[in-house]
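The values are calculated or read from the model by the stated rules, or taken from the named source; none is laboratory data. Just so it is clear, the model here is predicted, and its values are computed rather than measured. Here Cβ is always computed from backbone atoms with ideal geometry, including for glycine, and neighbour counts include all displayed protein chains. Accessible surface is based on the protein model in full, side chains and every heavy atom, while ligands, DNA and RNA are left aside. Shrake-Rupley method; radii C 1.70, N 1.55, O 1.52, S 1.80 Å.
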Amino acid sequence: MGKSITLHNRTRISEALETQVPGVVFTKPSGDPCPLKKHRFSEDPKPNLFDALSEELLFLILDHLDSDDLDKKSFSLVCRSFYAAESRHRRTLRPLRLDLMPAVLSRYLSISHLDLSYCPRISDGVLASIATAVGPSLLSIDLSRSRSFSHFGLGSLAASCMSLVEINLSNMNDLSDASAAAIGRARNLEKLWLTNCKLLTDMGIGCIAVGCRKLKLLCLKFCLGLTDLGIGLVAVKCREIRNLDLSHTTVTKKCLPAIIQLPYLEKLTLVNCHYLDEEGLVNFKLGSKSLEVLDINCPYVSDDALSSIVKGAVNLRQLILAHCGLVTYCLANSLQRLAKLETIKLECCHLTTPGLLALGSSCNSLKELGLRKCSGVTDEGLSFVVSKNKGLTKLDITRCRTITDISIASITSSCTSLMSLRMESCVLVSKQAFRMIGEHCPLLEELDLTDNHLDDQGLKSISNCRKLLILKIGLCMNVNDEGIIQIGRGCPMLQELDLYRSIGLTDTGIIAIGQGCPMLQTINLAYCTEITDNALRSLSKCSKLNTLELRGCFRVSNYGLVAIALGCKEIVKLDIKKCYDITDVGIVPLAHLCSRLRQINLSYSSVSDFGLLALASISCLRSMTIFFLSGLTPNGLATALLTFGGSKKVKLHISFKSLLSQKLITHLEERGCIFQWRDKRFQAEVDDNEVWKQRSQDLMTFV
């Protein structure tokens, strides 16, 4: 198959260039597909006309290829000159297997961005070889899921890669202060991610602060070993910082003044900083003229604290407050000082009508407003806010359960430029209100109506939004094929469709989507119990489809899955939990044709050892969920796990833990495999949709 693809590529490129290179005549290759090795290594009496193309022209072709590595691989297999040009042109590399690293480094000598997140065990020797091979050109390296290296390897990178400006060391739980000191020798470093480096202390971050004076972005999220001393030293030494994330750290009021006075600070994130109290937030009155984005998650932000923030950060463009308690009139009124404010996101806050009225009066140039899960949002308050902000392009009123049709009428009449509207679980809005959305908001690109009273007439109106890219209508029990057919006919640019538990949906509706939405990338059909293989055959025409949720679609079989494998080779995520009729017959073609698959859920299906072993051949596969596979044996599971290469996350029933050798488990964990053992109860039947929804509502009421 590879030979025919290569021959096709040569023909296509030759035809494309016949009119672009004057003086050179291109001939089509003969129909006889000679062996690839003979073409590449034997002496050809006739000169290869592709060699007449200049490197500049080949680079131009590569620039216009898709970013997919497989496309560039096909290009490199056309001939020797194309192979060499692709090697010199490539700047970004993400190897999947560490054993191929020597060959990769010898071929690609101009790499500037190296992603090793798929290689769980990176030794100091490997980092040293990288530093030697591509040191002068390397600009960024991602080690966010890698282990086994120490300060010696990082020291090699810092010493040889003088142009290095980005390092991602997130999730390196054993990162020591010695490793931090090695990073500090990378003098030109501008971006550093240290998320979840819990062993890092003030001494280590101090070495980074002293050595990396050019830092512009620093993420210290979940660095629990840091105190005000280390964070304060960063603020004193790294004066060029633009973006600082201190979420989930022990930062207090002591170091906040130094942070606020950073001369170029543009974004500050302080999510779940539990030691930062109201007194600390008052420090914002010291002033930060450069600050544009502030993200704070505090249990209580008083009027005085917010007033200090507003007074000091006069150039704020985005203000994000979560769990900040009561938003009063005085608090909202203080926002009028922020003339440049374009985005306000209030999540899980308690609002009052006077507070919303003050918000509307103070801020009348907003482009984005978020009131997600806020209580106290009324029709009067919301209607006034949107009437004062007619330029809104994004609005999030998810779970604002007290608003009615009045609010929807105000939104659709005032904000006709809306591009994103999220209103999940607005349970008091009637089905008639949704018709106004399609009539007055034609520019919508994202619409989330999950768990509402939407019906087919509402969808017919929404189908007028021809620019719609994302549509989420899961748990809308009144939606049937008629409405989905209208979406298929009216929304040709649709990329994501969520139909979770749409009980009235059958193959007819999905066939319309497959025929009318060729750009579709993601579809959720979980627990759409009337869906069969016919629907999947239609979806197989959507060649860009990469995420397919079929959980609980028990009428789907191998025929439908094979159709998806043949037509949708870009599948990345697949959920076939409780698809009881899917066996190895469907899994084997999927494994051979969908080489990009990264995540799969096989629970309750009829896949056996053979099918699991076939999946092991997919080098990109990173996550598997395997519960209650009747055909799976301990030996088969062990063989498949040993066959896998690279980092894997495997969810298994706890009963398998005693059936697998402890030495095997230890060996796999050392290779980077992450086991998640679950003690789940066997549940063979799919819950009825109405029963499931009632249970979920009861649970939410209880919580």
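Data table
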item	result
Segment 429-555, relative contact order [Cα under 8 Å, separation at least 6], %	20
Value of relative contact order over segment 325-404, rounded to a whole percent, pairs C-alpha under 8 Å and six or more apart	32
Cα-centred dipole magnitude for the chain, charges only on beta-carbon of K, R (+1) and D, E (-1), debye, nearest 20	1400
In sequence order, calculated HN-Hα J values of segment 469-480 (Karplus, 6.51, -1.76, 1.60; Hz; x Gly/Pro)	10, 10, 9, 10, 9, x, 6, 8, 6, 9, 8, 10
Hydrodynamic radius (Kirkwood) for segment 97-167, which is based on Cα pairs only, to one decimal in Å	11.8
Residue 334 accessible area, assembled protein chains, probe 1.4 Å, Å²	20
18 Å Cα cut-off, lysine pairs counted over segment 529-640 (separation 8 or more, or different chains)	4
Rounded Å value of the spacing that divides the Cα centres of segment 271-323 and segment 400-477	33
Charge dipole of the chain about the Cα centre (unit charges at C-beta), most positive-ward option of 543, 363, 199	199
Exposure ranking of 152, 59 by accessible area [1.4 Å probe, largest first]	152, 59
Extreme residue, positive dipole direction of the chain, given options 158, 294, 667 (C-beta unit charges)	158
Residue-normalised accessible area of segment 457-594, expressed per residue, 1.4 Å probe, Å²	34
Burial ranking of peptide ranges 657-664, 417-424, 292-299 (average Cβ count within 10 Å, highest at the top)	417-424, 292-299, 657-664
For segment 194-245, alpha-carbon Rg relative to the globular expectation (2.2 N^0.38 Å, N residues)	0.99
Relative contact order (%) - the chain, alpha-carbon pairs under 8 angstrom, separation at least six	4
Aspartates and glutamates with Cα under 20 Å of residue 373, excluding same-chain neighbours fewer than 8 positions away	295, 347, 396, 405, 424, 446, 448, 451, 698
Mean Cβ count within 10 Å, highest first, over the residues of peptides 195-202, 572-579	572-579, 195-202
Peptide ranges 671-681, 535-545 listed from the most packed, as the mean C-beta count within 10 angstrom indicates	535-545, 671-681
Magnitude of the charge dipole, segment 627-682, Cβ model with Lys/Arg +1 and Asp/Glu -1, debye to 20	200
Dipole magnitude of segment 397-533, debye to nearest 20 (Cβ charges: Lys/Arg +1, Asp/Glu -1, about Cα centre)	380
Å² of accessible area per residue within segment 178-289, as computed with a 1.4 Å probe and no ligands counted	41
Tensor-based shape of segment 194-299 (alpha-carbon gyration tensor, a/c under 1.5 rounded, otherwise prolate or oblate)	oblate
Solvent-accessible area, 1.4 Å probe, carbon plus sulfur percent, for the chain	54
Residue-averaged 222 nm ellipticity for the chain, from DSSP H runs of 4+ at -39500 (n - 2.57), nearest 500	-10500 deg cm²/dmol
Solution diffusion estimate, µm²/s, Stokes-Einstein, the chain, Kirkwood Rh from C-alpha pairs, 37 °C, viscosity 0.692 mPa s	114
